[in-house]
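Here the structure is laid out as structure tokens; the discussion comes afterwards.
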Amino acid sequence: MDRFSRLVLLVIMAAVSACAAMETAESGSAGPTGDAPSTPQAAADPTPGPTGEPQHPPSPPETSGGEEDLWESLLNGVRAQARVCGAERFSAAPPLRWEPRLGAAAREHSRDMAAAGRLSHSSRDGRTPWDRIAATGYEFSNVAENVAGGQPDPQAAVASWVQSPGHCANIMNPDLRDFGAGGEPGATGTIYWTLKLGASF
């Protein structure tokens, strides 16, 4: 190969090398607005995880059923034992089961109390516990509502209800089989709790 041919070959190789370097730099950087690069190679994270599998963002924690299970465990733990609520004696009661419509009504009322910053069985618009439950489509023969405020968690809320004769009687009532519950913090950080108990037709 003569000197001219070798010079042409060196120029071509340098150009190819420069193009490859530019493509590598572009595929590893984000655009000026923070958007992901548009090249397919940049869309996949090339860094392997500890097992050699591609890394992915962590999945959000599973919350489905967690809150309901906690409330069910707490309330059925109370109902599993005979107890005295004030002057009224109760035998152990059948377990309660979570009812989504009662859960929705309980959470809605907790939000309403949190917004108002006060405990009440009446909503700010004047609705009663029965009005709120009926609005969910839950057809009931019997319902009861417990409210509380200031307890840090469901365990403390249930414990406070057990110490109150009327609230305790609601929890122990064997005719009530369904429930929903929830809490909501107010502007000052006070958490307002609602427990709905019911029996459907």
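Residue by residue, here is whether (1) touching a Gly at 6+ places or on another chain (Cβ under 6 Å); (2) at pLDDT below 95 holds:
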{"position": "62", "(1), (2)": "no, yes"}
{"position": "67", "(1), (2)": "no, yes"}
{"position": "75", "(1), (2)": "no, no"}
{"position": "78", "(1), (2)": "no, no"}
{"position": "83", "(1), (2)": "no, no"}
{"position": "86", "(1), (2)": "no, no"}
{"position": "92", "(1), (2)": "no, no"}
{"position": "95", "(1), (2)": "no, no"}
{"position": "107", "(1), (2)": "yes, no"}
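Anything in the range 142-166 that is open to solvent by 50 Å² or more (accessible area, probe 1.4 Å), more than 23 Å from the chain's Cα centre (by Cα) and farther than 17 Å from residue 98 by Cα? List them, or say none.
163, 165
Can residue 121 be described as touching an Asp or Glu at 6+ places or on another chain (Cβ under 9 Å) and at pLDDT below 95?
It is false that residue 121 is touching an Asp or Glu at 6+ places or on another chain (Cβ under 9 Å) and at pLDDT below 95.
Looking at (1) in contact with a helix residue (DSSP H, G or I) (Cβ under 7 Å, 6 or more places away or on another chain); (2) over 22 Å from residue 200 (Cβ atoms); (3) of a type in the set (S, T, N, Q), which is the one condition that is false for residue 136?
(2)
Could you please give the count of residues in the range 157-182 that are among the hydrophobic types (A, V, I, L, M, F, W, C), touching a helix residue (DSSP H, G or I) at 6+ places or on another chain (Cβ under 8 Å) and either free of Cβ contacts under 8 Å to residues at least 40 places away in the same chain or over 12 Å from residue 78 (Cβ atoms) (or both)?
Here the count works out to 3.
If the requirement is being out of contact with any helix residue (DSSP H, G or I) (no Cβ under 6 Å at 6 or more places or on another chain), at pLDDT 95 or above and on the phi > 0 side of the Ramachandran plot, which of these qualifies: 149, 189?
Just one listed residue meets the conditions, 189.
The values are calculated or read from the model by the stated rules, or taken from the named source; none is laboratory data. The shown structure was predicted, so the numbers you read here are calculated from the model rather than taken from an experiment. Quick reminder, even Gly has a Cβ in these numbers, built from the backbone with ideal geometry, and neighbours come from all protein chains shown. Heads up: the accessible areas ignore ligands, DNA and RNA and are worked out on the full protein's heavy atoms, side chains in. Shrake-Rupley method; radii C 1.70, N 1.55, O 1.52, S 1.80 Å.
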